[in-house]
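What follows is calculated from the coordinates using simple rules that are stated; it is not laboratory data. These numbers were taken from a predicted model, which means no experiment stands behind them. Glycine gets a Cβ as well: all are built from the backbone with ideal geometry, and neighbour counts include every protein chain shown.
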């Protein structure tokens, strides 16, 4: 049984000026760019470790406050992906089972109401992402790729459609050299995540992959693609930032 998910979205605000242009003369191999990417990877891992603790506290708080089943399930769902990334696998798996226990105990009326809210899309997405993380950590790479791709199959979620699916595992896979499953995932998002901004991001990422660039899979990649000279479009114009 699949159930509701809440997409944790942390918006990235990029402030640009006419003077803020990095000159990466050697393209993707420029030492300045590689240093920048290394710092970003460190920051993103630190952010996710912080979110592991923050989302756990939210979940525990909803339990202590006897919150309604939606709140408890949503908070646990937000936490599961980070648990699967960092905590011992048996702990992450127990939390996934707990989430399904909560979903199964919800009344038919509650499940219907939840389905109307978000089509169970975001919760199902994060459970699949967590399962993909677990499979990857266990060395079951093909299973991880399959579950990752399945996480955006037949999803009807307003939250995911607006803010996009998860890219944390994609970032790790690409960094580890798994190009094909990453490209397939990016292309598969076209059916779920639409608009000028997603199109610009996909275009930048695919161009950077073709050029062999390191990628953080974040909104700022569109700007970096231009600065590296690998973008086929004016991404600032596409994103409405010019």
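Taking every alpha-carbon pair within the stretch 27-194, the share separated by more than 22 Å comes to 48 percent.
By the beta-carbon count within 10 Å of each Cβ, the least crowded to most crowded order of 24, 82, fewest first, is 24, 82.
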